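Enquirer: Below: one structure in structure tokens.
Here, each number is a calculation from the coordinates, and none is a lab measurement. Every value quoted in this text rests on a predicted model; they were computed, and no experiment measured them. Backbone-built Cβ (ideal geometry, glycine too); neighbour counts: all protein chains shown.
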Amino acid sequence: DAGVIQSPRHEVTEMGQEVTLRCKPISGHDYLFWYRQTMMRGLELLIYFNNNVPIDDSGMPEDRFSAKMPNASFSTLKIQPSEPRDSAVYFCASSLISYEQYFGPGTRLTVT
Amino acid sequence: DAKTTQPTSMDCAEGRAANLPCNHSTISGNEYVYWYRQIHSQGPQYIIHGLKNNETNEMASLIITEDRKSSTLILPHATLRDTAVYYCIVGNTDKLIFGTGTRLQVFP
């Protein structure tokens, strides 16, 4: 298996623009997690899905952030409008068993 | 709130065992101990987990004290590729809360 696939790997955008991050989980995995990592705040769980259903979105920082999982093989994390403080590395992870998560390579987002 | 306490950083000579401690004095009876590591610029990687018995897999061993208030992750023969941040996580739900971890530096 190719592992968790994330795109793009790098994104540079201007403040106010919409940003969409994409994730393809490992086939057969029931769980999908979105994390954000910064030097200041470390690795934070934003939202996770089980069988395509959002279970806990308490980590989503504000209404500018939204995540969807329209099917078992695809998820998006959208930021609209983006702000400089959203600059971070965003990781997607999937798992068959919730605690054994497989992380993707991450998307490095820079908002100027 | 942090449920675990880990040293900020540790060094280990290549080929020697790396013993990474973790304190989790407030762990409850149904909470597991999970270990992940994050090599620079990569996503975290699952290593091992346990409830109360010691566990071993191809990557590492996990030793949990009898009172379950602390644990040690052991990398039996550290290599330069084991240089990473190691996270000890306690929980019993789908959510993993990552702390700041221990930065392990393996030197030649």
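Enquirer: How are the alpha carbon pair distances in the stretch B:1-52 distributed across 10 Å bins from zero to the largest one, expressed in percent?
Expert: Result returned by the calculation: 18, 48, 30, 4.
Enquirer: Another one. Run through the DSSP bridge list for the protein assembly as shown and note the antiparallel percent, rounded to the nearest 5.
Expert: 90 percent
Enquirer: Once the convex hull of the C-alpha atoms of chain B is built, how many Å³ does it hold per residue, rounded to a whole number?
Expert: Cα-based convex hull of chain B, divided per residue, equals 95 Å³.
Enquirer: Separate question: Compute the separation of the alpha-carbon centres of the stretch A:1-32 and the stretch B:18-36 and state it in Å as a whole number.
Expert: Their Cα centres are 31 Å away from one another.
Enquirer: Farthest toward the dipole's positive end in the protein assembly as shown, which of B:Asn53, A:Leu96, B:Ala18, given Cβ charges of +1 (Lys, Arg) and -1 (Asp, Glu) about the Cα centre?
Expert: B:Ala18
Enquirer: Gaussian network model of chain B, Cα springs within a sub-10 Å range: biggest mean-square fluctuation belongs to which of B:Asn30, B:Asn53, B:Asn92?
Expert: Result: B:Asn30 has the largest fluctuation of those listed.
Enquirer: In the protein assembly as shown, if the dipole is taken from +1 on Lys/Arg beta carbons and -1 on Asp/Glu beta carbons about the Cα centre, which of B:Gln105, B:Ile74, A:Ser73 is farthest to the positive end?
Expert: Positive-most Cα among the choices belongs to B:Gln105.
Enquirer: Where in chain B lies the longest segment free of GluC sites (Glu not before Pro) that are both loop residues by DSSP (not H, G, I, E, B) and have at most 10 other Cβ atoms within 10 Å?
Expert: Value returned for the longest uninterrupted segment is B:1-57.
Enquirer: Cα-based Rg (one decimal) and Dmax (whole number) for chain A, in Å?
Expert: Rg and Dmax of chain A, Cα atoms, are 13.0, 38 Å.
Enquirer: So, with +1 on the Cβ of K and R and -1 on the Cβ of D and E, and no other charges, what is the size of the charge dipole of the protein assembly as shown about its Cα centre, to the nearest 20 debye?
Expert: Dipole magnitude for the protein assembly as shown comes out near 260 debye.
Enquirer: Okay, next question. Taking the Cα centre of chain A as origin, sum charge times position over the Cβ atoms of Lys and Arg (+1) and Asp and Glu (-1), and report the length of that vector in debye to the nearest 20.
Expert: Dipole size: approximately 240 debye.
Enquirer: Further question: In a Gaussian network model over chain B where Cα atoms closer than 10 Å are linked, find which of B:Cys12, B:Cys88, B:Cys22 has the largest mean-square fluctuation.
Expert: B:Cys12
Enquirer: Among the trypsin sites (Lys or Arg not before Pro) within the stretch A:19-112, which fall in a DSSP loop and have no more than 12 other Cβ atoms within 10 Å of their own Cβ?
Expert: In loop regions of the stretch A:19-112 (DSSP not H, G, I, E or B), the sparsely surrounded trypsin sites (Lys or Arg not before Pro) are A:Arg41.
Enquirer: Using a basic spin-label model with each label point 7 Å from the Cα along Cα→Cβ, how many nm lie between B:Met59 and B:Ser25?
Expert: Placing both labels 7 Å along Cα→Cβ, they lie 2.9 nm apart.
Enquirer: Further question on the same structure: Could you pull out every Cys in chain B that lacks a partner Cys with its beta carbon under 4.7 Å away?
Expert: B:Cys12
Enquirer: Give the order of A:Ile97, A:Ile5, A:Ile47 when sorted by the count of other beta carbons within 10 angstrom, beginning with the fewest.
Expert: Lowest to highest Cβ neighbour count: A:Ile97, A:Ile5, A:Ile47.
Enquirer: Hey, another quick one. Counting C-alpha atoms alone, how compact is the stretch B:46-103: give Rg to one decimal and Dmax as a whole number, in angstrom.
Expert: For the stretch B:46-103, the Cα-based Rg and Dmax read 11.9, 33 Å.
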